[in-house]
Amino acid sequence: MTDTASPTHGDEGETRRDFLYLLAGGMGAVGTVAAVWPLIDSMNPAADVLALASTEVDLDPIELGQRVTVTWRGNPIFIDRRTKAVIDGARAVPLEDLPDPETDDARVQQAEWLIMIGVCTHLGCIPKGQKSGDPLGEYGGWFCPCHGSHYDTAGRIRKGPAPKNLVVPPYSFVEDTKIQIG
Amino acid sequence: MSDFQTTNPVIKWIEYRLPVFSFLDHAVGTKYPTAKNLSYWWNFGSLAGLALVIMIVTGIFLAMQYTAHVDYAFDSVERIMRDVNYGWMLRYIHMNGGSFFFIVVYIHIFRGLYYGSYKAPRELLWMIGVVILLVMMATAFMGYVLPWGQMSFWGAKVITNLFSAIPLIGEDIVIWLWGGFSVDNPTLNRFFSLHYLLPFVLVGMVVIHIWALHQFGSNNPLGIETKGPQDSIPFHPYYTVKDLFGMGVFMIAFTAVVFFMPNAMGEAINYQEADPLVTPAHIVPEWYFLPYYAILRSVTFDIWFLSAKLIGVILMFASILILLVLPWLDRSPVRSSKFRPVHKQLFWIFVADCILLGWVGANPAEPPYLYIGQAGTAYYFAHFLIILPLLSVLERPRPLPNSISEPVLKGGGTAMGATAKPMEKA
Ligand code: HEM
Ligand code: FES
């Protein structure tokens with residue numbers, strides 16, 4: 001052993017040794033990553049959390065012009081049954097006025113029903129505007145009091161620090177007046 | 001380490017097998033020579049150690065009564081307050097202990113800034129201290145979530161959401177941090193686990209901090225190295241006694257708050273249980289995070305492809321990380337501000353700027369606070385990135401004394417004879 005470990009060995013032995021070091025080190029690194037990954041991944045949403053990932057909502061009792069909040073995956077979902085005037089207003093806004101340009105049409109499946117995750121895209125507060133008497137912000141939609149973000153009647157960001165429009169969750173109409181979120 | 005003298009046979013027996021007594025004697029005892037002119041500003045290191053011990057002891061007993069579940073956490077803390085024997089006391093000590101820990105550590109840090117304790121050869125000691133501050137902040141942040149009040153929940157939500165500013169992977173990181181799609185039970189559980197763990201990590205880091213300290217010993221108000229035995233006195237009994245005295249003063253202030261105004265530094269709304277669907281009107285962090293919160297919110301404009309949100313987050317972290325490179329920003333060879341007439345004044349302006357930022361952080365992010373916050377943030381970074389490097393070349397320091405004992409002994413500084421004479425003042 002002492003002979004092979006001797007640094008005075010020929011060039012050939014040196015490169016072979018370097019190669020073995022690299023190989024052993026590389027294997028060790030791969031092994032460590034493989035061992036750490038399960039620990040990291042255990043912190044991701046578990047199967048039961050993911051299983052809660054869809055909710056059905058009956059839209060029947062909601063009246064024209066009414067806003068209702070339901071929960072989905074621990075977050076509020078804003079449901080807004082919009083009047084014709086509100087829809088027309090939202091559609092009349094030129095795209096150049098929007099920090100995060102998106103047409104009203106692209107944000108709804110049926111123009112009357114605006115369905116969004118009610119979480120401010122800035123830092124996660126719940127914007128005001130669902131209850132009567134709430135401030136609606138300068139654009140008549142929603143207002144986040146945390147750092148002053150104003151959303152319009154299509155839930156699009158118009159003013160304030162939030163970078164994006166309120167997110168539209170994946171949903172589908174299972175019946176005329178029933179949706180499934182998630 | 002056979003230089004340890006004792007006649008006690010038990011200590012002798014142990015010392016022979018495990019030289020722990022001589023170890024302590026070298027670490028904090030008679031064999032640790034310390035600069036003899038340390039002022040009371042040097043008490044805050046040992047006070048931070050005391051605060052850490054207080055937090056760990058009360059925390060362990062709180063954990064025996066606390067339930068980390070979203071349905072029970074708030075009630076279990078109320079039970080601690082009402083039903084558990086002395087539970088109110090444990091909680092009030094732990095709650096205010098966090099605040100006092102930060103008071104002490106901030107004074108400790110500003111002491112370092114004033115006397116240039118971060119300069120060679122103590123750079124690594126200083127950098128370990130900065131990491132200790134970061135771990136402390138993480139611990140306090142997660143602890144504040146545990147009672148599951150409104151501010152616990154919304155503070156956690158807003159702060160974890162900061163990570164969503166990271167391009168591309170931000171959203172996935174936040175979901176990973178939460179273990180779900182919002183701050184919820186998995187989040188509370190992991191925060192409790194980490195809140196229990198990190199203080200012990202802190203203990204380990206404090207040991208390394210002190211290890212690095214002992215390599216060159218404490219800095220001192222004059223900022224010059226000890227040049228021989230005439231400049232130093234043994235740590236024990238001189239500084240053990242002085243530290244104990246400081247602890248007494250600290251405990252008077254601390255217990256006064258714990259027993260007479262325990263909620264003065266807290267937010268009343270945290271006595272309301274967390275409601276994931278209702279955000280409180282004003283979200284404010286604990287006072288010790290306010291300056292960083294002000295920096296975070298001061299950015300309201302995008303720069304190129306960087307969103308305001310991302311820049312705010314980067315600046316907030318940078319405001320602490322910049323301390324890591326401070327030893328290389330301030331190149332002035334003179335440590336103590338006593339001999340740096342300009343730095344001395346700019347130091348106090350910097351302190352005022354930090355307090356100003358704290359005040360801004362407690363107020364809503366709108367004019368005029370917003371503009372004050374932006375100016376304060378700009379000055380904060382200018383102090384480190386422009387003022388200190390310039391000052392290193394432009395300032396003319398006053399002449400340094402030849403040794404620590406020279407100004408005291410009136411020229412006797414070079415004599416070796418004065419060793420045994422403990423001097424009271426420097
Ligand atoms: C660096 C040391 C520590 C700091 C800065 C710290 C900070 C905090 C803070 C700020 C709170 C919230 C208090 C409140 O508003 O009610 C808290 C709660 C709590 N901490 Fe700690 N803590 C530390 C160490 C520990 C340790 C070592 C343990 C356990 C072994 C612990 C267990 C708890 C428990 C169970 C609670 C929830 C009960 C309560 O809210 O009073 N802490 N901590
Ligand atoms: S979280 Fe809504 S504006 Fe900041």
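The values are calculated or read from the model by the stated rules, or taken from the named source; none is laboratory data. Every value quoted in this text rests on a predicted model; they were computed, and no experiment measured them. Cβ: placed from backbone, ideal geometry, glycine included. Neighbour counts: every protein chain shown. Protein only, heavy atoms only, side chains kept; ligands, DNA and RNA dropped before computing areas. Shrake-Rupley method; radii C 1.70, N 1.55, O 1.52, S 1.80 Å.
Using modelled amide H (1.01 Å from N, peptide plane; none on Pro or chain starts), what sits under 5 Å from the amide H of B:T34, excluding residues fewer than 5 places away?
Those lying under 5 Å, H to H, from B:T34 are B:I233, B:F235.
Report the calculated FRET efficiency for B:M81 and B:I107 (r = Cβ-Cβ distance, R0 = 45 Å), to the nearest 0.05. All intermediate terms of the calculation are to be shown ahead of the outcome.
Values: r = 30 Å, r/R0 = 0.67.
The value I calculate is 0.90.
Defining a contact as two alpha carbons under 8 Å apart and six or more residues distant in sequence, what relative contact order in percent does chain B show? Mind showing how you got there, number by number?
On the way: 517 pairs, mean separation 96.8, N = 426.
It comes to 23 percent, rounded to a whole number.
Report the net charge of residues surrounding B:N219, where surrounding means a beta-carbon distance below 15 angstrom and charges are Lys +1, Arg +1, Asp -1, Glu -1. Walk me through the numbers on the way to the answer.
Working: positive: B:K36, B:R111, B:K119, B:R122, B:K227, B:R335, B:K338, B:R340; negative: B:E123, B:E225, B:D231, B:D330.
Its environment carries a net charge of +4.
How many nm separate the modelled label positions at A:D18 and A:A92, each set 7 Å beyond the Cα in the direction of the Cβ?
With each label placed 7 Å out from Cα toward Cβ, I get 7.5 nm.
Using only atoms on other chains, find how many Cβ atoms lie within 10 Å of each Cβ of peptide B:273-280 and report the average. Can you show the working numbers first?
Working: counts 0, 0, 1, 5, 8, 5, 10, 3.
Per residue, the average neighbour count from other chains is 4.
Sorted by average packing, counted as other Cβ atoms within 10 angstrom per residue and highest first, what order do A:122-128, B:57-63 take? Walk me through the intermediate numbers first.
Details: A:122-128: 24.4, B:57-63: 16.6.
Those peptides, ordered most packed to least, come out A:122-128, B:57-63.
Under 1.5 on a/c is rounded, so check that first for chain B, then, if it is not, pick prolate when a/b is larger than b/c and oblate when it is not; a ≥ b ≥ c are the square roots of the alpha carbon gyration tensor eigenvalues. Kindly include the intermediate steps, with their values, before the conclusion.
Values: a/c = 2.22, a/b = 1.35, b/c = 1.65.
Here chain B falls in the oblate category.
Can you tell me the Rg and the Dmax, both Å, for the Cα atoms in segment A:14-55?
18.9, 65
If we sort B:70-77, B:212-219, B:241-248, B:40-47 on the protection proxy, mean other Cβ atoms within 10 Å, highest first, what's the order?
Values: B:70-77: 18.4, B:212-219: 16.6, B:241-248: 14.6, B:40-47: 20.2.
The peptides rank, most packed first, as B:40-47, B:70-77, B:212-219, B:241-248.
Quick check for you: with a 1.4 Å probe and neighbouring chains kept, what is the accessible area per residue of segment B:101-243, in Å²? Working shown, then result.
Working: 5330 Å² over 143 residues.
Computed with neighbouring chains in place, this is 37 Å² per residue.
If you roll a 1.4 Å probe over segment B:362-405 with all protein chains in place, what percent of the accessible area is carbon or sulfur?
On the way: 1550 of 2390 Å².
With neighbouring chains kept in place, the figure for segment B:362-405 is 65 percent.
For segment A:1-130, treating each Cα as an identical point scatterer without solvent, what Debye log10 I(q)/I(0) comes out at q = 0.13, 0.17, 0.21 1/Å?
Log10 of I(q)/I(0), two decimals: -0.77, -1.04, -1.28.
When we measure straight from the Cα of B:K12, which lysines land under 28 angstrom away, once same-chain ones fewer than 8 places off are left out?
Leaving aside lysines fewer than 8 places away in the same chain, those within reach of B:K12 are B:K31.
Give me a single rounded figure for A:123-132: the average over its residues of other chain Cβ atoms within 10 Å of their Cβ. Before the final figure, lay out each step's value.
Working: counts 15, 13, 8, 7, 1, 3, 0, 1, 1, 0.
Across A:123-132, the average partner-chain Cβ count within 10 Å equals 5.
At q = 0.12, 0.23, 0.24, 0.29 Å⁻¹, what is the log10 ratio I(q)/I(0) for segment B:295-348, with the Debye formula run over Cα points and no solvent?
Cα-only, vacuum Debye calculation for segment B:295-348: -0.46, -0.85, -0.88, -1.05.
Please list, in order along segment B:376-382, the HN-Hα scalar couplings obtained from phi with the Karplus expression 6.51 cos²θ - 1.76 cosθ + 1.60 (θ = phi - 60°), rounded to whole Hz, x for Gly and Pro.
Per residue, the Karplus-derived 3J(HN,Hα) values read x, 5, 4, 5, 3, 6, 4 Hz.
For peptide B:180-192, how many partner chain Cβ atoms fall within 10 Å of a residue's Cβ, on average? Write down the numbers at each step before the final one.
Details: counts 10, 12, 8, 2, 5, 2, 6, 2, 0, 0, 2, 0, 0.
For this peptide, the per-residue mean of nearby foreign Cβ atoms is 4.
Taking the inverse of the average 1/r across all pairs of different Cα atoms in the protein assembly as shown, what Kirkwood radius in Å do you get?
Values: mean 1/r = 0.0352 Å⁻¹.
Its Kirkwood hydrodynamic radius stands at 28.4 Å.
Given just the C-alpha atoms of segment B:229-325, how large is their convex hull per residue in cubic angstrom?
Numbers: hull volume 18.7 nm³, N = 97.
Cα convex hull per residue, to the nearest whole number: 193 Å³.
What fraction of the Cα pairs in segment B:48-140, stated in percent, has a spacing above 20 angstrom? Spell out each step's value before the answer.
Working: 2039 of 4278 pairs.
Here the tail beyond 20 Å accounts for 48 percent of pairs.
Under a cut-off of 16 Å between alpha-carbon atoms, report the lysines in cross-link reach of A:K128, not counting same-chain residues fewer than 8 places apart.
Qualifying lysines at Cα under 16 Å: A:K159.
Packing-wise, with mean Cβ within 10 Å as the measure, how do B:391-397, A:37-43 rank, highest first? Each step should come with its number before you reach the end.
On the way: B:391-397: 13.4, A:37-43: 10.0.
Most protected by this proxy first, the peptides run B:391-397, A:37-43.
How many percent of the accessible area of segment A:81-181 is carbon or sulfur, using a 1.4 Å probe? Please report the intermediate quantities before stating the final value.
On the way: 2250 of 4350 Å².
That fraction is 52 percent.
State, in square angstrom and to the nearest 100, the accessible area buried between chains A and B, both chains counted, probe radius 1.4 Å.
Details: alone 11190 and 21800 Å², together 30910 Å².
It comes to approximately 2100 Å² buried between A and B.
From the gyration tensor of the Cα coordinates in segment B:170-256, what semi-axes in whole Å does the equivalent ellipsoid have, largest first, with each one equal to sqrt(5λ)? Please list the in-between numbers first.
Details: eigenvalues 377, 75, 25 Å².
They are 43, 19, 11 Å, listed largest first.
Once you list every other residue whose beta carbon is under 15 Å from the beta carbon of B:S46, what net charge do they have if Lys and Arg are +1 and Asp and Glu are -1?
Working: positive: B:R111, B:K242; negative: B:D243.
Neighbourhood net charge equals +1.
Counting only heavy atoms of the protein chains, get the accessible area per residue of segment A:132-182 (1.4 Å probe) and round it to a whole Å² value. Write down the numbers at each step before the final one.
Numbers: 2100 Å² over 51 residues.
Solvent-accessible surface per residue comes out at 41 Å².
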